[in-house]
Amino acid sequence: MYAVVRTGSKQIRVTPGDVVSVERLEGSPGDSVELREVLLLGGSEGSGIRVGTPLIEGAFVRATVRGESAGPKVKIFKFRRRKRYRLRKGHRQKYTQIHIDSIEV
């Protein structure tokens, strides 16, 4: 069985046993989290694919927080010629690694 969940304004396809990185979630390593925004369920016995409108009522994905990490540094540089304007910034997106325990309907 697999599910497509929405977290951090992104959609991710997950199956039980997967370890995925999602945008930062609250919780420390070992905590249990529930992803409530399930958009699609598939691969279950005899029922085929269920598509939500926009979400599937009562379905959620249970996961365990593994740890946190940061993505690559993104450099932002703005420049206006002949105006003495230069702006340098940087950004590193924080990610949370989660282990998918189960998909419940």
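Okay, here's what the table says:
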| quantity | calculated |
| --- | --- |
| Strands (runs of 3 or more DSSP E) completely within segment 34-105 that count 2 or more residues being β-branched (Val, Ile, Thr) | 48-51, 60-70, 74-80, 94-104 |
| Any hit, segment 11-20, residues being part of a loop (DSSP other than H, G, I, E, B) and more than 12 Å from residue 99 (Cβ to Cβ) | no |
| Meets criteria (part of a loop (DSSP other than H, G, I, E, B) and at pLDDT below 95) for residue 27 | yes |
| Residue 98 vs. criteria surrounded by 13 or more Cβ atoms within 10 Å (Cβ to Cβ), touching a residue at least 24 places away in the same chain (Cβ under 8 Å), among the aliphatic types (A, V, I, L, M) and in contact with a Phe, Trp or Tyr (Cβ under 8 Å, 6 or more places away or on another chain) | no |
| Members of segment 44-68 that are hydroxyl-bearing (Ser, Thr, Tyr) and touching a residue at least 12 places away in the same chain (Cβ under 8 Å) | 44, 64 |
| Selected residue (criterion: nearest to the chain's Cα centre (by Cα)) from residues of segment 59-93 that are within 30 Å of residue 5 (Cα to Cα), of a type in the set (A, V, I, L, M, F, W, C) and loosely packed, with under 14 Cβ neighbours inside 10 Å | 70 |
| Residues of segment 20-58 classified as of a type in the set (Ser, Thr, Tyr) and surrounded by 12 or more Cβ atoms within 10 Å (Cβ to Cβ), total | 2 |
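Quick grid of which residues meet (1) under 15 Å from residue 8 (Cα atoms); (2) touching a residue at least 12 places away in the same chain (Cβ under 8 Å); (3) touching a strand residue (DSSP E or B) at 6+ places or on another chain (Cβ under 9 Å):
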| site | (1), (2), (3) |
| --- | --- |
| 19 | no, yes, yes |
| 24 | yes, yes, yes |
| 29 | no, yes, yes |
| 32 | no, yes, yes |
| 37 | yes, yes, yes |
| 42 | no, yes, yes |
| 80 | no, no, yes |
| 93 | yes, yes, yes |
| 104 | no, yes, yes |
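The values are calculated or read from the model by the stated rules, or taken from the named source; none is laboratory data. None of these values were measured; they are calculated from a predicted model. Cβ coordinates were reconstructed from backbone atoms using ideal geometry, including for glycine residues, and neighbour counts include every protein chain displayed.
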